[in-house]
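See structure below.
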Amino acid sequence: MVRIKLFLPLIIFIVLAAFLWVSLGKNPRDLPSVLVDKPLPSFDLPNLLEPGKNVKSDDLIGQPFLLNVWATWCFACLQEHPFLLKLSEQGVKIVGIDYKDEPEKGRGWLEQYDNPYSVVVNDEAGRLGLDLGVYGAPETFVIGSDGHIKLRHAGVVTEEVWRLQIAPLMK
């Protein structure tokens, strides 16, 4: 019994080292979503740029689009924004979700940095984000023309992410 107590710290160390070794090979941005290949969650939220009007999830279905979760408090969203503007200029449909933001701040941010979105909904309470499994911003979802989620990307959308992961799904 005394010998086991002597080796207990070593055994704990080996178990922890094994868990660390297994984790090193994984990319923390590759967070699987249980919603992939499932319909976009139903929502009816305020249109950020047209106060008094709402946007329904059913209104967006029919052609593939990017669903981009962003916020004024998100530094990475500002880094991603110029590339989203470029995609929008190339004809890519992007729907924005202003996540956990006051509407006035969201409108001001888009006025200051320009608007790449065809439509922007305000998810001030974060309910749609919760339904999507969002844990932060930015996150981008590829939505197929059938309204099903094809991909979830956590983090900044870059030229490489677009070329390798997203563009092939937008056809």
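Sub-8 Å Cβ pairs linking a first residue in segment 73-88 that is closer than 18 Å to Arg107 by Cα to a second residue that is modelled with pLDDT of 95 or more and in a helix (DSSP H, G or I), at least 6 apart or interchain, are Leu78/Tyr113; His81/Tyr113, ordered by first then second residue.
Just need a number here: residues in segment 48-62 that are among the polar types (S, T, N, Q) and within 19 Å of the chain's Cα centre (by Cα). Working first, answer last.
Narrowing segment 48-62 to residues among the polar types (S, T, N, Q): 54, 57.
Right, trim to within 19 Å of the chain's Cα centre (by Cα) and you get 57.
Result for segment 48-62: 1.
I'd like the full set of residues that are under 18 Å from Pro51 (Cα atoms) and either within 17 Å of the chain's Cα centre (by Cα) or assigned to a strand (DSSP E or B) (or both), limited to segment 73-105. Correct list: Val95, Gly96, Ile97, Asp98, Tyr99, Lys100, Asp101.
Listed conditions (1) of a type in the set (Gly, Ala, Ser); (2) in contact with a strand residue (DSSP E or B) (Cβ under 7 Å, 6 or more places away or on another chain); (3) not in a helix (DSSP H, G or I) are all met by Gly52, apart from (2).
Taking into account only those residues within segment 107-145 that are within 19 Å of Leu66 (Cα to Cα) and in contact with a Ser or Thr (Cβ under 6 Å, 6 or more places away or on another chain), which is surrounded by the most Cβ atoms within 10 Å (Cβ to Cβ)? Here the answer is Pro116. Looking at segment 131-151 only, could you name the residues that are part of a strand (DSSP E or B) and at pLDDT below 95? Selection gives nothing.
Farther than 21 Å from Leu35 by Cβ, touching a residue at least 60 places away in the same chain (Cβ under 8 Å) and out of contact with any Pro (no Cβ under 8 Å at 6 or more places or on another chain) - does that describe any residue in segment 142-160? Yes, segment 142-160 contains a residue that is farther than 21 Å from Leu35 by Cβ, touching a residue at least 60 places away in the same chain (Cβ under 8 Å) and out of contact with any Pro (no Cβ under 8 Å at 6 or more places or on another chain). Taken over segment 106-130, the criterion of being closer than 23 Å to Asp37 by Cα, part of a helix (DSSP H, G or I) and of a type outside the set (Gly, Ala, Ser) is satisfied by Arg127, Leu128, Leu130.
The values are calculated or read from the model by the stated rules, or taken from the named source; none is laboratory data. Since this is a predicted model, take the numbers as computed values, not measurements. Quick reminder, even Gly has a Cβ in these numbers, built from the backbone with ideal geometry, and neighbours come from all protein chains shown.
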